[in-house]
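Data first, discussion second: the structure below is written as structure tokens.
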Amino acid sequence: MKKKLLMAVSVIATVICLTALSLAGCKKVGGIPMLTDKSLADHDKAPEFSAYYAEQFNTLIDDYNNGDVSAAEAASVMWALGSYNHGQAKQVVFFQDKVGETVLKGKAGKLAYQQYHKERRKDDSTGYKGEKYHYTLKHVFDSELSSIYEEALESARVRLVINDPSAELDKYGLYRFEKNGNTVFSGQKLFGRDLMSTEWKKGSDFGKAEEIWPGSSVADNSLSWREVASRLADDIEKCSYIDKNNKDVLENRRILGNINIFADGVVKGATIEQQSNDAGQKYYKVKLTLDIDVANNDDASINMLGDDNSAKTIKWSKLEIDFEIWAGGFMKSYHISEAWTGTISQSIINVDGSANAENYVYYSYSDSDTSFAAEHEFLKKYIADN
């Protein structure tokens with residue numbers, strides 16, 4: 001009897017412990033820094049440091065102004081240089097807002113996707129290991145879709161990498177947080193876009209060592225802009241194919257917009273307009289005229305589009321791109337309007353469908369907009385309280 005009593009007490013204690021651990025893991029986390037209407041305040045200020053391919057960009061602009069390069073070719077190379085300069089920037093922050101409608105089995109639902117991505121990259125000269133704050137939110141609303149599809153499409157996660165000793169942490173590196181409630185529109189707007197928010201819980205990785213490396217250069221910046229463009233074209237082709245045995249292929253993809261901008265004939269024309277901000281800092285407004293038939297028959301473009309949208313047998317029915325880029329080659333903003341049809345794959349779900357979306361992305365490069373002070377303060381307080 002005594003032995004049975006001890007076993008019963010042990011079982012009860014185990015259940016209590018497991019319940020406590022489960023509740024601790026699902027405990028709501030408050031105070032995670034989220035976007036507000038005051039974020040990216042320096043979006044309209046030019047970067048105070050040079051882009052990796054600044055010389056190539058400026059020479060390209062000179063050649064275009066001299067009539068030696070067509071608008072279509074110049075705009076294609078501007079897009080590519082801006083894409084690859086992003087990976088070399090010592091610090092950058094961007095906000096992405098993508099909203100559209102998805103139709104699955106004749107039922108429609110609106111899908112909003114937001115991403116906030118901030119990085120300061122590793123600097124061997126100072127010993128700084130780099131930091132990153134990245135969160136994504138996916139939210140289905142105004143929907144006729146079945147709950148199975150809605151649940152498959154909804155998600156939210158935070159990836160925070162802290163390596164600055166001023167944060168005063170016991171462990172430096174990666175900290176994750178996961179969705180723990182309903183995602184809603186917060187009522188705030190940034191660049192005219194409706195911001196979202198959600199509730200969070202502690203994730204699996206907490207203090208796992210990680211460094212934020214700058215992207216490796218595909219082409220040395222001592223080369224001419226034509227030589228660099230040729231190397232970037234080769235890299236776009238190489239990184240467009242899904243190789244399950246080599247995840248680095250996908251992770252190294254740097255061209256923006258899921259389009260092989262160097263596919264022969266895909267850019268039929270372009271307009272390029274020089275602009276200036278209030279401080280007289282130059283940037284360019286560019287609008288591309290694209291050939292959808294060429295894009296749909298280009299393997300690299302279709303592979304990238306399908307991978308980004310978890311879809312296969314996919315084709316565009318609409319594709320429009322306009323962008324702003326600073327003199328020197330850093331992206332300022334871009335907008336992609338697109339529609340496509342294909343077979344959408346989510347977990348074990350494979351269903352024919354279609355989608356259309358308006359995708360807006362805004363950049364900043366300033367010290368204040370890329371500061372990690374708020375993230376340091378949040379994480380230090382969260383660890384102290386938990």
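The values are calculated or read from the model by the stated rules, or taken from the named source; none is laboratory data. Here the structure is a predicted model, which is why all the values come from computation and not from measurement. Methodologically, a virtual Cβ is constructed for each residue, glycine included, from the backbone with ideal geometry; neighbour enumeration extends over all protein chains shown. Heavy atoms of the whole protein, side chains included, go into the accessibility calculation; ligands, DNA and RNA do not. Shrake-Rupley method; radii C 1.70, N 1.55, O 1.52, S 1.80 Å.
Key figures
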{"quantity": "Relative contact order %, region 163-241, counting alpha carbon pairs below 8 Å whose residues are six or more apart", "calculated": "27 percent"}
{"quantity": "Angle between the chain longest axis and helix 54-65 axis [Cα atoms, degrees, rounded to 10]", "calculated": "40 degrees"}
{"quantity": "Equivalent ellipsoid dimensions for region 98-233 as semi-axes, Å, which come from the Cα gyration tensor, largest first", "calculated": "34, 25, 13"}
{"quantity": "Where only C-alpha atoms are counted, convex hull volume of region 293-332 per residue in Å³", "calculated": "106 Å³"}
{"quantity": "Per-bin percent of Cα-Cα distances, region 289-378 [10 Å]", "calculated": "14, 33, 26, 19, 8, 0"}
{"quantity": "Helix-only [θ]222 nm of the chain, DSSP H runs n ≥ 4, -39500 (n - 2.57) each, per residue, nearest 500", "calculated": "-8500 deg cm²/dmol"}
{"quantity": "Per residue value of the accessible surface for the chain (all protein chains in place, 1.4 Å probe), Å²", "calculated": "50 Å²"}
{"quantity": "Region 194-353: C-alpha gyration tensor shape, a/c 1.5 cut-off, then a/b vs b/c", "calculated": "rounded"}
{"quantity": "Unit charges at the beta carbon, dipole of the chain: most positive-side option, GLY328, PHE378, LEU35", "calculated": "PHE378"}
{"quantity": "With every protein chain in place, the chain: carbon and sulfur % of accessible area (1.4 Å)", "calculated": "49 percent"}
{"quantity": "Over 26 Å between alpha carbons, listed pairs LYS132/LYS285; LYS90/LYS110; LYS179/LYS381; LYS110/LYS189", "calculated": "LYS132/LYS285; LYS90/LYS110"}
{"quantity": "Relative contact order (percent, whole number), the chain, Cα cutoff 8 Å, 6+ residue spacing", "calculated": "21 percent"}
{"quantity": "Dipole magnitude (debye, nearest 20) for region 125-232, charges at Cβ of Lys, Arg, Asp, Glu", "calculated": "200 debye"}
{"quantity": "Segment ALA374-GLU144, length gained on full extension (0.36 nm per residue, minus Cα span)", "calculated": "78.9 nm"}
{"quantity": "Pairs from LYS201/LYS380; LYS27/LYS118; LYS105/LYS312; LYS118/LYS332 whose Cα-Cα separation, in the structure shown, is over 18 Å", "calculated": "LYS27/LYS118"}
{"quantity": "Relative packing of 254-261, 269-276, 365-372, which averages over residues the other C-beta atoms within 10 Å, highest first", "calculated": "254-261, 365-372, 269-276"}
{"quantity": "Region 103-168 - percent relative contact order, Cα under 8 Å, separation 6 or more", "calculated": "35 percent"}
{"quantity": "Nearest-ten-degree value, helix 2-26 long axis tilted from longest Cα axis of the chain", "calculated": "30 degrees"}
{"quantity": "Set of aspartates and glutamates near LYS171 by C-alpha distance (under 14 Å), chain-local residues within fewer than 8 positions excluded", "calculated": "GLU131, ASP205, GLU210, GLU211"}
{"quantity": "Charged-residue dipole, Cβ positions (Lys, Arg, Asp, Glu), region 111-184 about Cα centre, Debye nearest 20", "calculated": "340 debye"}
{"quantity": "Semi-axes of the equivalent ellipsoid for the chain, Cα gyration tensor, largest first, Å", "calculated": "40, 27, 19"}
{"quantity": "Angle between the chain longest axis and helix 71-88 axis [Cα atoms, degrees, rounded to 10]", "calculated": "30 degrees"}
{"quantity": "For the chain, size of Cβ-based charge dipole, Lys and Arg +1, Asp and Glu -1, in debye", "calculated": "2220 debye"}
{"quantity": "Computed over region 117-195, Cα set: Rg, Dmax in Å", "calculated": "17.3, 55"}
{"quantity": "Stokes-Einstein translational diffusion, region 165-221 - Kirkwood Rh over all Cα pairs, 0.890 mPa s, 25 °C, in µm²/s", "calculated": "162 µm²/s"}
